[in-house]
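Input: a single structure, listed below in structure tokens.
None of the figures in this text is laboratory data; all of them are computed from the coordinates on show. These numbers were taken from a predicted model, which means no experiment stands behind them. As a convention, Cβ positions derive from the backbone with ideal geometry for all residues, glycine included, and neighbour counts pool all protein chains shown.
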């Protein structure tokens, strides 16, 4: 009998009542992180951001008992055990330097992705936390999208056989975050990081990557990687490729929209494809999976669920940190592991600059 339980939602952590403080009060915190945490029963006790009035508004909307005027004030609260840091990547290292001074009571940190603007700064953040004895997890939330987790289950069960070809096709005119203008890195660092990390989650470490980019006609500030395309090469022969089309045509200027994200994995024993529901947010559209295997020829299986990436996947990213604290193990998405995703981002940029395949080891050895 076919097992349609694809474990699309992770098991809840063994201990949920760690006292959580949140640094940052933007849209994603207000409408995604905190909604997911409330559904999961996590214990958020305090919040702070650069705009105290915004922190107060979010606290009132989400029932957070304590509001602090600054991150430093929140960090001084010795009752806080776990932090959710949701600040722009360029600010994350500075915040982490403050955090490690409070390692007497801060036991764990969930850091936003990207962990930093580049691999070297990310490596410094990881080293700071390791030296302070703080457990660091990274909010790589596409790993917790339900269809991506379902595909991982199929791969681990061997139902698809040996992976041969994997693709992600994204056509979605995304909102450009204001802080993106502060960096010469844009889509690869901010959006493609989801897809590159998901390829790592599904298939492990690639040998290297080819990347090609062009500018986004809609972006009104200097940039280079508006629309990236890239191919990951694996020692097994697997090729994993993505197009991250955040232009998607002149849809914001009046043309009819055709937004979607589709993924596909072809193996020697079966194939699976799915859709990602995120582009339709705030409508709650679940991601999907469809798969067929040689075990049951000519049959498509299409299990469905009600959970959605935004916000339900964020139960998983915080949950994996709380589970690590409760069990004394590494987080499923640890800071140390995430350095390989950051290195892959740097490899993409080097590939663009030098117009060649860049091996992951080149970055990790720098």
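Over all distinct Cα pairs, what is the inverse of the mean 1/r for the stretch 1-160, reported as the Kirkwood hydrodynamic radius in Å? Numbers along the way, then the final one.
Working: mean 1/r = 0.0595 Å⁻¹.
Averaging 1/r across every pair of different Cα atoms and inverting gives 16.8 Å.
Nearest 5 percent is fine: what portion of the DSSP beta bridges confined to the chain is antiparallel?
Details: 35 of 62 bridges.
Of the beta bridges lying entirely in the chain, close to 55 percent run antiparallel.
Quick one: compute the contact order of the chain, relative version, from alpha carbon pairs under 8 angstrom and 6+ residues apart, as a percent.
Values: 765 pairs, mean separation 74.6, N = 366.
Relative CO of the chain lands at 20 percent.
Take peptides 138-146, 352-360, 205-213, 190-198 and line them up by average Cβ neighbours within 10 Å, highest first, as a rough protection proxy.
Averaged packing, sorted descending, gives the order 138-146, 190-198, 205-213, 352-360.
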Which value, to two decimals, describes the C-alpha radius of gyration of the stretch 207-263 once divided by 2.2 N^0.38 Å?
1.40
Of the residues 44, 135, 285, which exhibits the maximal mean-square fluctuation in a Gaussian network model of the chain defined by a 10 Å Cα contact cut-off?
285
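Expressed in whole Å with the largest first, what are the equivalent ellipsoid semi-axes of the stretch 145-269 derived from the C-alpha gyration tensor as the square root of 5 times each eigenvalue? Write out the running numbers ahead of the final one.
Values: eigenvalues 171, 52, 28 Å².
In descending order, the three semi-axes are 29, 16, 12 Å.
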Any idea what angle helix 335-354 forms with the longest principal axis of the chain, computed on alpha-carbon atoms, 0 to 90 degrees, nearest 10?
60
State the three equivalent ellipsoid semi-axes of the stretch 56-122, derived from the C-alpha gyration tensor as the square roots of 5 times its eigenvalues, in descending order and whole Å.
22, 15, 10
Using Cα atoms only, what is the angle between the long axis of helix 89-99 and the major principal axis of the chain, expressed in degrees (0 to 90) to the nearest 10?
40
Using only the Cα atoms, what convex hull volume per residue in Å³ does the chain have?
141
Just round it to a whole percent: the fraction of Cα-Cα distances in the stretch 85-230 exceeding 22 Å.
50
Using alpha carbons only, how many degrees (0 to 90, rounded to 10) separate the axis of helix 314-327 from the longest principal axis of the chain?
70
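Which whole-number percent gives the relative contact order of the stretch 255-355, counting Cα pairs below 8 Å spaced six or more residues apart? Working shown, then result.
Details: 104 pairs, mean separation 15.0, N = 101.
Taking the mean separation of contacting Cα pairs over the length of the stretch 255-355, I get 15 percent.
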